[in-house]
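The values are calculated or read from the model by the stated rules, or taken from the named source; none is laboratory data. Keep in mind that this is a model prediction, so the values were computed, not measured. Counting neighbours? That spans all protein chains shown, and the Cβs are built from the backbone with ideal geometry, glycine included.
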Amino acid sequence: MIREGQVRKEGKGKSTRYFPADFEPANETSQVYESVKERISRPLSKRPPVSYQRSFLTSYEPNRTSYLGGTLTKHLRDMGQIATTDLPAGTYARQILDRLLIDLSWNSSRLEGNTYSLLETEQLLADGAHSDERDPLETQMILNHKGAIEFLVEGADEIGFNPLTIRNLHALLSENLLPDPAASGRLRAHAVGISGSVFYPLNDPHQIKELFSILVGKADAIEDPFEQSFFVLVQLPYLQPFSDVNKRVSRLAANIPFIRGNFSPLSFIDVDRQDYVEAVLAIYELNDVSLLRTLFVEAYERSLARYTSIRETLGEPDQFRLQWRQEIKTVVSEIIRQQLSRPQAIEHLRDFAKSLPPEHQKHFIDTVELELTSLHEGNFARYRVRPSEFEQWQQGWKRKT
């Protein structure tokens, strides 16, 4: 029945439980829920040591096994779908990028114990002003989130659940945070411990590499975006494929199907840190997803409410900008990096537009000129230029010569 997708198995050993495939978290008794919380809250001396269970991953069959259940995934899909038209991947995330950068960077960092406030995070991401009261590692953590989120949004039509995307995501999130810089983006080749847990991850590099490949392969094969997102939140931290920063990778990777499919993103708004720690411990030590599942659903509903209200103020996206977004990004970036003056920029833009169909050239030139006049220190980051490059270009641009 498990193989045929009629029954879902959770936990292991004495904690194994079986549910109908469409059984939803709301139907779980509070007694069972509290039992899981009680078991992982016991003193370490009262919790038996556990090792990585390979079968927790290998027994999962994409599109047959379901951590969420069919009814719940349909509910989330109906709520979260933004676009009713065939828009390019990442369209919605680009619309709300300024807000998403702040929300997801702050909340994901906060779940790691980062002490930056929301306003401090907003100021840091807007103008680079870091708090002198904060540890430099906390500043670096937030800036790394910004770079990683931009990587996902700007590459929406190229990213996916594959080793290249996940390893580069880790490299961006771990930049300047690991003792060994070469460990960024590399699968670990040494043992790691989990603070506050009796769980012992794998330490064999060959097995880690093999299971990492299996993990991303299964994730890529899952058709439902919500099941796909939740699967990664569960399995990536459990495998611990990198020397550190695994949970951060899982939280951002969980947004890949939402960014690509134009669903509302998941930014972990109002998620209590202790609840998150307990939910992950239940996976580590019991292979029980019930706590994280409840947290995931509630967090997504809060994120959806936030971004729905933001989107209502944005209106529909400009279809011309969508069609030529990469060309617009390219020519604006060239103008800034080459430090072109206004006359030089106009000439460069006209030459660039000649590569477009004749009927689109004038509209393209008008669109780019409007974009250039609208650039300021709060929105230039989407063109992937350095602050120093933008500042120098802007000084010359203001002279109008």
* Which one is nearest to the chain's Cα centre (by Cα) among residues in region 161-180 that are crowded, with 16+ Cβ neighbours inside 10 Å and in a loop (DSSP other than H, G, I, E, B)? -> F161
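Condition check ((1) of a type in the set (V, I, T); (2) under 24 Å from Y276 (Cβ atoms); (3) modelled with pLDDT under 90) across all residues:
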position	(1), (2), (3)
R8	no, yes, yes
D22	no, no, yes
A26	no, yes, yes
S30	no, yes, yes
K46	no, yes, no
S105	no, yes, no
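Let's see how each residue does on (1) under 25 Å from L169 (Cβ atoms); (2) at pLDDT below 95; (3) surrounded by 15 or more Cβ atoms within 10 Å (Cβ to Cβ):
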site: N262; (1), (2), (3): yes, yes, yes
site: A279; (1), (2), (3): yes, no, yes
site: S290; (1), (2), (3): no, yes, yes
site: Y307; (1), (2), (3): yes, yes, yes
site: E312; (1), (2), (3): no, yes, no
site: G315; (1), (2), (3): no, yes, no
* Qualifying residue in region 103-111 (condition: among the hydrophobic types (A, V, I, L, M, F, W, C), more than 24 Å from Y52 (Cβ to Cβ), in contact with a helix residue (DSSP H, G or I) (Cβ under 7 Å, 6 or more places away or on another chain) and free of Cβ contacts under 8 Å to residues at least 40 places away in the same chain) -> yes
* **Pick from region 209-233, criterion closer than 18 Å to F258 by Cβ and not hydrophobic (A, V, I, L, M, F, W, C), ranking: surrounded by the most Cβ atoms within 10 Å (Cβ to Cβ)** => S229
* **Yes/no for D135 being assigned by TED's automatic domain parsing to the domain that holds N114 and either closer than 17 Å to Y116 by Cβ or modelled with pLDDT of 95 or more (or both)** => yes
* To do: Would you mind stating whether G185 is of a type outside the set (V, I, T) and at positive phi?
  => yes
* Could you tell me which numbered condition P357 fails, if it satisfies all but one of (1) surrounded by fewer than 16 Cβ atoms within 10 Å (Cβ to Cβ); (2) at pLDDT below 90; (3) of a type outside the set (F, W, Y)? => (2)
